[in-house]
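Asker: Take this structure first; my questions come after.
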Amino acid sequence: MADINVDVRKETCPVPLVEMRKALRKALPGDRVIITGTHAASKKEIPMAADALSVKIVSIEESGDEWVIILQK
């Protein structure tokens, strides 16, 4: 099991979503994709996309302007 880190801080849509999908394509079953970002709309869109792709949302954490979403394939 591996962690794939995706840093999309300062990026706006659609970059965070595109990068999430790229990371999920590379991930093996059981791998975690850890996405760090600052764009508010992406914080809502990434979990919706994960649901649509049947990817498990492990956690969503916020600290100030920054958020971290952990997905598991």
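Asker: Do you know which residues across region 1-50 are more than 17 Å from Ser63 (Cβ to Cβ) and acidic (Asp, Glu)?
Answerer: Asp3, Glu11, Glu19, Asp31, Glu45
Asker: Based on what the data block shows, is Ile34 at pLDDT 95 or above, within 18 Å of Ala2 (Cβ to Cβ) and β-branched (Val, Ile, Thr)?
Answerer: It is true that Ile34 is at pLDDT 95 or above, within 18 Å of Ala2 (Cβ to Cβ) and β-branched (Val, Ile, Thr).
Asker: Return the residues of region 5-48 that are in contact (Cβ under 8 Å) with a residue 40 or more places away in the chain and surrounded by 12 or more Cβ atoms within 10 Å (Cβ to Cβ); say none if nothing qualifies.
Answerer: Arg9, Met20, Leu24, Ala27, Asp31, Arg32, Val33
Asker: With the requirement that a residue be in a strand (DSSP E or B), of a type outside the set (Ser, Thr, Tyr) and under 10 Å from the mean Cα position of the chain (by Cα), what does region 25-66 give you?
Answerer: Selection gives Arg32, Val33, Ile34, Ile35, Gly37, Ile57, Ile60.
The values are calculated or read from the model by the stated rules, or taken from the named source; none is laboratory data. This is a predicted model, so every value here is computed, not measured. No Cβ is skipped: glycine too gets one built from the backbone with ideal geometry, and neighbour counts run over all protein chains shown.
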